[in-house]
Amino acid sequence: MTARNDDHGGGLLRRMQIFIDGLLEQARRHGVNSELIIVEWNPPEDRPRLADALRWPEESGPCTVRIIEVPPEIHSRFPYADRLGLFQMMAKNVGIRRARGQFILATNVDILFSDSLMQFMTSGPLDAACMYRIDRTDVSPDVPIGVPVAEQLEFCQQHVLRVCTRWGTFESGQIRLFAVLKRGAIKVVAQRSVLIQLALERARHVMGRVRRRFMMGFRPEAVMLFLRSLLHRGLHEVSQAATGLYQAIAGSLKGFWRRATHPLHTNACGDFTFLARERWFALRGYPELRMFSLHLDSVLCQMAVIGGAREVVLGDEMRLYHMEHRSGWSPGEAETLTARMSAQGVPILDYHQYRIWVNEFRRRGVPIIFNGEDWGLAQERLHEADPVGRVRPGLVPVGEHIQT
């Protein structure tokens, strides 16, 4: 994740403190062998660094903490640096590039994980062929601080504002209705899938009978051997072409049905995108485009799936709680956010251009790789600190943590 001590959205340090305390406590409780990487991008010179501004435990347990700093002089190299204090996806790439784990979760600093989600991390082997996603549950920002994470999670359960799902965002008053409709939709989709499969099988059977009938009905006498051979070859080629056409149409229908009933879950995906390390590296991380970060996390998810990853949306019992704040993405803030970037002259990826890219991915059958081999500031020597009792001063050589 990435952050800077600029009070983004109001109460940033408070939200970060809740997140850090909760994560480290749960990692100890569930024995999650992990590392928390915070990329401190362009830290303000007039404010303390995050290592000094936040409270840290004496021991981090099985989750080590690493704060990697990208200084202002590097930030200032990029266009619009005077209007954007943080390039979110570039910053996350810095952490992804230097992560040591076999699986890497890209998330944000105002999150609480449910215990069932943390247990999933240690319940068995994760699948490197999958991209794990989850619904985001937005909750009141008044999560109590300085109390056990169990109390915080109970508060979150009782103060839900909305849920961001693959089918859209539902406010608190709509959640129960959505749950009912979702259960009904699953049954309908299952029934329709069976019916479509039966229809396709029936079409394949009928096509075979028609092909055999034609081949038998046009079989001439021996004196017409030449014409029979010619006709047989012609019918065979027509049959092969028809079979290929059928398979193409059936594949397109299946793909269309899949996208219609199970659209890729890109809603609030910046808060939870969980991939194997090799897949992050194959994609070269998030697109490092010099613009505001809207939709760039969705582009990464599309790249991953087109590149062969299988999307797995974790179940409802696994909750990802997001503490509400100003200036973040929500249905009510989306237009305000876009207007503010436009007024500042900062480029933003609009939804129309995003769909053009997605359609191009599908047409090619492979994702477009936006970044070069130096993605994640691979060539930069960045300062790294461990705030939990152990501080490593000086620069970290690039070769220690980065593998190309």
**OP:** At most 12 other Cβ atoms within 10 Å and a DSSP loop assignment: could you name the GluC sites (Glu not before Pro) in segment 1-77 that fit?
**Re:** 45, 58, 59
Original post:
Between residue 356 and residue 290, what FRET efficiency follows from the Cβ-Cβ distance if R0 is 22 Å, with the result rounded to 0.05?
Top reply: 0.70
Original post:
Going through segment 1-86, which chymotrypsin sites (Phe, Trp or Tyr not before Pro) have at most 15 other Cβ atoms within 10 Å and a DSSP loop state?
Top reply: 80
**OP:** Give, as ranges by residue number, the residues of segment 128-144 whose backbone N falls under 20 Å from the point 7 Å along Cα→Cβ of residue 337.
**Re:** 133-142
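Every number in this text was worked out from the coordinates using simple rules, so none of it is lab data. Everything numeric in this text was worked out from a predicted model, so none of it was measured. Backbone-built Cβ (ideal geometry, glycine too); neighbour counts: all protein chains shown.
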